[in-house]
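K.L.:
Just dropping this structure here.
The values are calculated or read from the model by the stated rules, or taken from the named source; none is laboratory data. This is a predicted model, so every value here is computed, not measured. Every residue, glycine as well, gets a Cβ built from its backbone with ideal geometry; the counts of neighbours run over all protein chains shown.
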Amino acid sequence: MASNKLSMLVRSFSTSNVANQLIKPPLQLFGIDGRYATALYSAATKQKTLEVVEKDLIKFQNAVQSDSKLREFIKNPTVKRAVKVDILKSITGQISLNPEASNLLQLLAENGRLKNVDKVIDAFKLIMAAHRGEITCEVVTARELDAAQKQKLEAVLKTFVKSKETIFLTARVDPGIIGGMVVSIGDRYVDMSVASKIKKYKEILTAPV
């Protein structure tokens with residue numbers, strides 16, 4: 001069922017005579033957001049518009065973040081799908097979005113998934129980063145890391161990726177993890193936080209003997 005839906009998405013995005021076979025992305029993502037992003041990657045690859053599509057989607061994402069009315073329109077569940085499709089056609093035309101990017105937004109509106117647009121765009125950006133050999137890595141710590149700590153951490157993380165791949169490290173502070181760190185590398189996730197360890201200890205202590 002999922003593969004049929006993806007094929008339909010690709011046909012919706014692509015107007016070429018190329019066989020409508022889904023092109024596998026360099027990074028496999030799951031869930032609704034991942035499926036839309038994967039279908040878009042396949043369609044944009046066939047049209048040779050990957051970079052243009054990414055640029056246009058980022059443009060639209062920035063517009064949503066800066067325009068409260070547009071943001072409310074996207075989130076409003078009372079607006080009929082057909083109305084949202086028509087309005088998005090007008091918006092994407094005004095800001096000159098690429099056809100594949102425009103079709104994605106209209107398809108999300110048509111399927112009642114427009115509320116997912118930000119996550120879909122983020123998923124597509126992750127796929128594009130992998131396409132360029134970039135590995136996005138987020139590290140969450142209880143206290144801010146200094147420059148030396150970031151440098152050492154980046155050196156360690158580089159050992160987990162291929163030699164031709166580039167690490168893009170972002171650091172975020174969350175006092176709630178207490179200590180340790182939570183690391184996300186591409187689609188991999190490792191929780192080494194103190195909060196996580198405490199939770200495991202509590203589960204062990206409260207488990208029936």
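K.L.:
Could you please give the count of residues in the range 173-189 that are at pLDDT 80 or above and surrounded by 11 or more Cβ atoms within 10 Å (Cβ to Cβ)?
P.N.:
11
K.L.:
Do any residues in the range 155-177 that are outside the structural domain of LEU27 (by TED's automatic domain parsing) and more than 17 Å from ASP191 (Cβ to Cβ) have Cβ atoms under 6 Å from those of residues that are in a helix (DSSP H, G or I) and of a type in the set (Lys, Arg), where the two are at least six apart or on different chains, and which pairs are they?
P.N.:
Final answer for the pair search is ILE167/LYS158.
K.L.:
Right, something else. Determine whether the range 24-45 contains at least one residue that is under 20 Å from ARG132 (Cα atoms), outside any loop (DSSP other than H, G, I, E, B), modelled with pLDDT of 90 or more and β-branched (Val, Ile, Thr).
P.N.:
yes
K.L.:
Does the range 130-139 include one or more residues that are within 30 Å of PHE168 (Cα to Cα) and in a helix (DSSP H, G or I)?
P.N.:
Yes, there is a match, as at least one residue in the range 130-139 is within 30 Å of PHE168 (Cα to Cα) and in a helix (DSSP H, G or I).
K.L.:
Taking the range 190-209 on its own, how many of its residues are of a type in the set (S, T, N, Q) and either surrounded by 12 or more Cβ atoms within 10 Å (Cβ to Cβ) or assigned to a loop (DSSP other than H, G, I, E, B) (or both)?
P.N.:
2
K.L.:
So which residues in the range 152-209 are within 12 Å of VAL140 (Cα to Cα) and among the aromatic types (Phe, Trp, Tyr), if there are any at all?
P.N.:
TYR189
K.L.:
Six or more apart or on different chains, Cβ atoms under 8 Å: show the pairs whose first residue is in the range 51-70 and of a type outside the set (Lys, Arg) and whose second is outside any helix (DSSP H, G or I) and surrounded by fewer than 16 Cβ atoms within 10 Å (Cβ to Cβ).
P.N.:
PHE60/ILE95; ALA63/ILE95
K.L.:
Could you say which residue among LYS119, LYS80 is assigned by TED's automatic domain parsing to the domain that holds SER42 and under 19 Å from GLN61 (Cβ atoms)?
P.N.:
LYS119
K.L.:
If you don't mind, there's one more thing I want to ask. Looking at the range 62-83 only, could you name the residues that are out of contact with any Lys or Arg (no Cβ under 9 Å at 6 or more places or on another chain) and part of a helix (DSSP H, G or I)?
P.N.:
The answer is ASN62, ALA63, SER66, SER68, LYS69, LEU70, ARG71, GLU72, ARG81, ALA82, VAL83.
K.L.:
Within the range 170-189, can you find the residues that are part of a strand (DSSP E or B) and among the charged types (D, E, K, R)?
P.N.:
Of everything in the range 170-189, those that are part of a strand (DSSP E or B) and among the charged types (D, E, K, R) turn out to be ARG172, ARG188.
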